[in-house]
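Scroll down for the structure; my scribbles are underneath it.
The values are calculated or read from the model by the stated rules, or taken from the named source; none is laboratory data. This one's a predicted model, so the numbers in the text were calculated from it and none came from an experiment. All Cβ positions, glycine included, derive from the backbone under ideal geometry; neighbour counts span all protein chains shown.
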Amino acid sequence: MLESAPPPLVTDGAPPATGERLAPEQLRSLVAEDLTLLLRWRHADAQSHPPVDSALVEREDARVRSTYADLLASGAHVYRCMASVSFLHARLPRLPSYNELRAQVAASAGTITVADVGCAFGQDTRELLLMGVLPHNCLAIDVTSAYWDFGRSVFGDAGDGTAAHSISQCQTSFADWALPAAADEEDDVVHPYRHSRDVVVCLFVLHVLSREQTTHMLGRLAQLAKPGGLLIGACVGCSAGLTGGPWGVIPGGQSTTPRWLHSPASLDTELQRCGWTQEIDVRQYDRDTVGSLSGHPTGATSSLDPGMGKQSYLAFTARTSSQG
C-alpha cells in the first residue's frame, strides 16, 4: 500500500450530476494549499515566494473563476473533478514511483526526455519542469488544447517563452492517440515522436477510454518510448477479475461506448500485449483507505458488474524491451 498517501482535497459542494455544466460558482473556494504549485511555478527562479495570506487566496480565487468561465465559453467538456480545483494540483507527487522519477531526472543532467500523456491543464508538466526536465525535452499530449490553454491562463505563463521554465518551449501533440491507426499506413500521430522518450507519464487517462481505445493508446505509447523506456501511470480500476469490465460511458456526451475499468490482472496482461513487456508492476490502492491518488475527492463510487469487485486506484510502471 501507499505509505504516505496525501488526504483527498476538501470540497465544499457536491459536483454536478452527469450532463450538467459546472458553473464558476460551483468550484470550491480556494484555500492556501491550492496555491502551492502555482506559486512554485511563478517563482521558480527565486529562493522563495511571497507569503500566502487571505488576500492573496481571495484574489487568486476570483481570477481562477473568471478564467474558468472562459473555458466554459469554449465548449470544452467539463470533468466533475474540476469542482475540487484539481487543475491546480500536480498528481505525480502522489505516486509511489515519484521519488524514483526525481532521482532519474537528477541523474540525467538535463538529457532525459519525457512525455506527459493526458496533460490536461499542464499541472504535471509543470511539476516535471520544476523537477529539472528541460522544456524542449518535454512532450505534452492530449486530445484537445482547450485544457492546456486554460492551464496556461490559470498559471499565468502565456508570455513570450523566454523564462527558463516556460511551458511554451515544450513540444505539444493535440491529437487522439487512442484512435486506431489505418492498416498498412504510417501512423501520423506517433511517427514524429517514435522512440523518442525515456519516460512516458500517463495519469488518469485509461479509465476514460473504451477497452479498444486503451489498447490503441498503450500500443502507441510503447512506440513513443525509447527501447527500455519507462511508463509511469495511474488510473481508476476495479479490484477483481481477469478482464476488468465496463464502467459508464466515455465522457464528453458524444458517445454511448462503455469505458473500461481494468483490474490489476487485466492491466498487467494489457501492458504486455501492447509492448510494455519488462518490469511490470501494477499496484492496487483502496480508495477508502488512501484517499485519492488523483488529488481530488473520491466522491461516491458507482456499482460495478458482478466479478469486478469495487472501484480502486491502480498505480503502474513498466518498460519496453531494451532490444527495441
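Please enumerate the residues belonging to region 36-68 that are outside any helix (DSSP H, G or I) and modelled with pLDDT of 90 or more. Steps first, answer last, please.
Initially, region 36-68 is screened for residues outside any helix (DSSP H, G or I), giving 43-53.
Selection gives V52, D53.
Conditions (1) more than 18 Å from the chain's Cα centre (by Cα); (2) at pLDDT 95 or above; (3) surrounded by fewer than 22 Cβ atoms within 10 Å (Cβ to Cβ), marked per residue:
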| position | (1), (2), (3) |
| --- | --- |
| A76 | no, no, yes |
| S86 | no, no, no |
| S97 | no, no, yes |
| T111 | yes, yes, yes |
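Take the conditions buried (at least 16 other Cβ atoms within 10 Å of the Cβ), among the aliphatic types (A, V, I, L, M) and modelled with pLDDT of 90 or more and apply them to L22. Does it pass?
Numbers: buried (at least 16 other Cβ atoms within 10 Å of the Cβ): yes; among the aliphatic types (A, V, I, L, M): yes; modelled with pLDDT of 90 or more: no.
No; evaluated as a whole, the condition is false for this residue.
Which residue, of T125, T111, is of a type in the set (V, I, T), touching a helix residue (DSSP H, G or I) at 6+ places or on another chain (Cβ under 7 Å) and within 25 Å of A318 (Cβ to Cβ)? Talk me through it step by step, then tell me what you get.
Working: T111 fails: touching a helix residue (DSSP H, G or I) at 6+ places or on another chain (Cβ under 7 Å).
None of the others qualify; the one that does is T125.
Of the conditions (1) under 16 Å from Y313 (Cα atoms); (2) modelled with pLDDT under 95, P264 fails just one. Which one is it?
For P264, the exception is condition (2).
List every residue pair whose Cβ atoms lie under 6 Å apart, where the two residues are 6 or more positions apart in sequence or sit on different chains, the first residue falls within region 92-119 and is free of Cβ contacts under 8 Å to residues at least 24 places away in the same chain, and the second residue, located anywhere, is surrounded by 13 or more Cβ atoms within 10 Å (Cβ to Cβ).
Going by the 6 Å Cβ cut-off, the qualifying pairs are Y98/L92.
Hey, does region 177-186 have a residue that's out of contact with any Leu (no Cβ under 7 Å at 6 or more places or on another chain) and modelled with pLDDT of 95 or more? Before you say what the answer is, go through the steps one by one.
Within region 177-186, the subset out of contact with any Leu (no Cβ under 7 Å at 6 or more places or on another chain) is 177, 179-186.
Cutting the leftovers down to modelled with pLDDT of 95 or more gives us 177.
The answer is yes; a qualifying residue exists.
What residue, of L209, L203, L231, L221, is closer than 22 Å to Q123 by Cα and in contact with an Asp or Glu (Cβ under 9 Å, 6 or more places away or on another chain)? Before the answer, list the steps.
Numbers: L209 fails: in contact with an Asp or Glu (Cβ under 9 Å, 6 or more places away or on another chain); L231 fails: in contact with an Asp or Glu (Cβ under 9 Å, 6 or more places away or on another chain); L221 fails: in contact with an Asp or Glu (Cβ under 9 Å, 6 or more places away or on another chain).
Testing whether each residue is closer than 22 Å to Q123 by Cα and in contact with an Asp or Glu (Cβ under 9 Å, 6 or more places away or on another chain) leaves just L203.
Among the residues of region 233-251, is there at least one that is more than 14 Å from G118 (Cα to Cα), under 20 Å from the mean Cα position of the chain (by Cα) and crowded, with 23+ Cβ neighbours inside 10 Å?
Yes.
Tell me, which residue of region 267-292 that is β-branched (V, I, T) and surrounded by fewer than 18 Cβ atoms within 10 Å (Cβ to Cβ) is modelled with the lowest pLDDT?
So the first thing to find is which residues in region 267-292 are β-branched (V, I, T), and the list is 269, 277, 280, 282, 289-290.
The next check asks that each one be surrounded by fewer than 18 Cβ atoms within 10 Å (Cβ to Cβ); those that pass are 269, 277, 280, 289.
Details: T269: 97, T277: 97, I280: 98, T289: 55.
Restricting to residues being β-branched (V, I, T) and surrounded by fewer than 18 Cβ atoms within 10 Å (Cβ to Cβ), the top hit is T289.
Quick one: L30 ticks every box in (1) at pLDDT 95 or above; (2) hydrophobic (A, V, I, L, M, F, W, C); (3) farther than 25 Å from L129 by Cα except a single one, so which number is it?
(3) is the only condition that L30 fails.
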